[in-house]
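Engineer: Pasting a structure below so you can have a look.
Where a number appears in this text, it was derived from the coordinates with a stated rule and is not lab data. Treat the numbers as computed from the prediction; the structure is a model and nothing was measured. Glycine also receives a Cβ, built like all others from the backbone with ideal geometry; neighbour counts cover every protein chain displayed.
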């Protein structure tokens with residue numbers, strides 16, 4: 001009886017142990033198949049091919065499923081990826097330069113890329129290419145040299161009396177306005193000749209007297225003593241006519257070939273809104289600003305210049321204690337301040353108005369007034385900002401023409417600073433319009 005009872009207990013214990021073992025096996029199998037934290041093996045691949053000019057460090061990012069992100073600076077093949085869609089993005093980069101940082105733009109193809117679980121790797125490419133431009137400063141000479149000249153960034157790093165690196169003979173004097181388009185072509189106004197000329201980027205690579213790639217001539221009074229010029233964000237060219245007190249627009253398509261096109265838009269004077277207009281610039285909102293030698297600066301909204309007419313300016317700035325006196329060229333800096341060269345009536349100042357002062361009509365006191373220091377400003381005419389925020393000014397004086405540069409810190413407050421750089425050279429002949437090649441990337445409106 002005792003033996004039978006023990007045998008029964010032994011059978012129960014054996015059966016229980018077998019059951020526990022079976023449950024353990026089942027649990028272990030289930031855990032292994034569902035949620036192992038061990039790294040995955042295999043998976044799909046993605047090859048990102050990156051090309052860039054020498055000395056440029058790419059900035060590429062790959063993002064995908066499960067929060068995946070990977071930064072790349074060179075060609076790479078990424079493996080073991082979770083199947084799905086991967087986005088390849090590339091940021092443009094700017095080269096370090098003493099004057100103008102050259103923009104290196106990135107083009108991406110093959111993104112988003114679909115990565116499969118196996119098989120051949122998906123592919124995407126990133127190509128970096130330099131935006132057109134030499135990094136130099138071009139100067140339109142109003143005087144008898146009949147030329148436009150370029151000083152390189154290296155030349156502008158310090159005071160110099162050297163000859164310009166490049167000289168383009170224009171065949172006419174009174175070269176006044178200068179501006180670059182998005183393709184790196186230089187456009188000049190010929191004040192007395194009533195023409196506007198384009199020199200292609202390739203023509204600017206060496207000195208000479210090339211025939212302009214495009215010449216615009218007057219159609220009726222479409223060009224009449226053309227002075228300042230500027231491109232809007234759509235690539236249309238706007239030109240100020242001093243003698244007829246008009247502002248005209250030629251569309252990008254009208255700029256493709258030589259001719260005498262009728263302006264797409266003509267803005268005429270309304271109640272002396274345009275009084276010997278000479279300078280022109282666009283602000284970050286697309287408003288068109290014009291300086292009048294008569295002593296005012298006016299603004300028109302994009303809607304006002306969408307069609308021909310004689311609109312009343314939305315803003316009219318007039319002089320406060322000589323703040324606007326014979327204004328010539330104007331320019332906006334990266335913060336939206338409007339700078340004015342007072343060089344026609346012997347004022348010899350450069351002044352700035354803050355964005356808040358540009359919202360209503362009035363006679364505001366400039367937030368910055370730069371005065372002459374030993375001839376540093378002597379008939380200031382043209383203005384241009386470089387990528388560092390330095391301001392460059394052309395001095396029209398016929399006996400001692402110069403181009404001077406003030407650092408960003410020198411123009412932060414009013415004063416009479418000694419220029420950081422002064423260019424004196426026989427290459428300068430009544431220098432007027434200034435244009436960096438390319439247009440500084442920090443500025444609000446780019447051609």
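Engineer: Report, largest value first, the span of the C-alpha coordinates of region 116-165 along each principal axis, in whole Å.
Structural biologist: In descending order, the Cα extents are 71, 24, 11 Å.
Engineer: If the chain between residue 408 and residue 144 were fully stretched, how many nm would it gain, using 0.36 nm times the residue separation less the Cα-Cα distance? Please list the in-between numbers first.
Structural biologist: Values: separation 264, 0.36 × 264 = 95.04 nm, distance 3.29 nm.
Computed gain between residue 408 and residue 144 is 91.7 nm.
Engineer: Anyone know which of 379, 136, 235 comes out most mobile in the 10 Å Cα GNM of the chain?
Structural biologist: Sorting by GNM fluctuation, first place goes to 235.
Engineer: Quick one: Cα centre-to-centre distance for region 154-232 and region 321-364, in angstrom?
Structural biologist: 25
Engineer: Report the residue, chosen from 368, 108, 403, that carries the largest GNM mean-square fluctuation when the chain is represented by alpha-carbon nodes joined by springs under 10 Å.
Structural biologist: 108
Engineer: Compute the helix-to-body angle for 2-34: its Cα long axis versus the longest principal axis of the chain, expressed 0 to 90° and rounded to tens.
Structural biologist: Once rounded, the angle reads 20 degrees.
Engineer: Related question: Suppose the chain between residue 209 and residue 400 were pulled fully straight at 0.36 nm per residue; how much longer would it get relative to their current alpha carbon spacing?
Structural biologist: On the way: separation 191, 0.36 × 191 = 68.76 nm, distance 2.55 nm.
Between residue 209 and residue 400, full extension yields an extra 66.2 nm.
Engineer: How would you rank 173, 283, going from fewest to most other Cβ atoms within 10 Å of each one's own Cβ? Please list the in-between numbers first.
Structural biologist: Working: 173 19, 283 16.
Ranked by crowding around the Cβ, least crowded first: 283, 173.
Engineer: Now a separate question. Obtain the nm distance between the two label points defined at residue 307 and residue 57 by a simple spin-label model: each point lies 7 Å from its Cα along the Cα-to-C-beta direction.
Structural biologist: 5.4
Engineer: Kindly state, to the nearest 0.05, the FRET efficiency for residue 87 paired with residue 262, given R0 = 45 Å and r defined as their beta-carbon distance.
Structural biologist: Details: r = 47 Å, r/R0 = 1.04.
Once rounded, the FRET efficiency stands at 0.45.
Engineer: Run the Debye formula on the Cα coordinates of region 265-353, all scatterers equal and no solvent, and tell me log10 I(q)/I(0) at q = 0.15, 0.16, 0.20, 0.23 1/Å.
Structural biologist: Scattering profile of region 265-353, log10 relative to I(0): -0.51, -0.58, -0.89, -1.13.
Engineer: Another one. Of 313, 327, 210, which is the most mobile in a GNM of the chain whose springs link Cα atoms less than 10 angstrom apart?
Structural biologist: Ranking 313, 327, 210 by mean-square fluctuation puts 210 first.
Engineer: Can you give the Kirkwood hydrodynamic radius of region 384-442 from its Cα pairs, in Å with one decimal? Present the calculation step by step, with values, prior to reporting the outcome.
Structural biologist: Values: mean 1/r = 0.0817 Å⁻¹.
With all distinct Cα pairs of region 384-442 included, I get 12.2 Å.
Engineer: At q = 0.24 Å⁻¹, work out log10 I(q)/I(0) for region 359-399 with the Debye formula, treating every Cα as an identical point scatterer and leaving solvent out; two decimals please.
Structural biologist: For region 359-399, the Cα-only Debye profile gives -0.95.
Engineer: Next question, about the same structure. Looking at region 217-333 from every direction and averaging, what is the projected area of its Cα convex hull in nm²?
Structural biologist: Details: hull surface 28.1 nm².
Seen from a random direction, the Cα hull of region 217-333 projects 7.0 nm² on average.
Engineer: Divide the volume of the convex hull of the Cα atoms of region 328-447 by its number of residues and quote the answer in cubic angstrom per residue.
Structural biologist: Enclosed volume per residue, from the Cα hull, is 106 Å³.
Engineer: For the chain, what is the convex hull (Cα atoms) projected area averaged across all directions, in square nanometres?
Structural biologist: On the way: hull surface 132.0 nm².
The orientation-averaged projected area of the Cα hull of the chain comes to 33.0 nm².
Engineer: Estimate the FRET efficiency between residue 162 and residue 234 by the formula 1/(1 + (r/R0)^6), using the beta-carbon distance for r and 30 Å for R0, to the nearest 0.05.
Structural biologist: Working: r = 38 Å, r/R0 = 1.28.
Efficiency computed from Cβ-Cβ geometry: 0.20.
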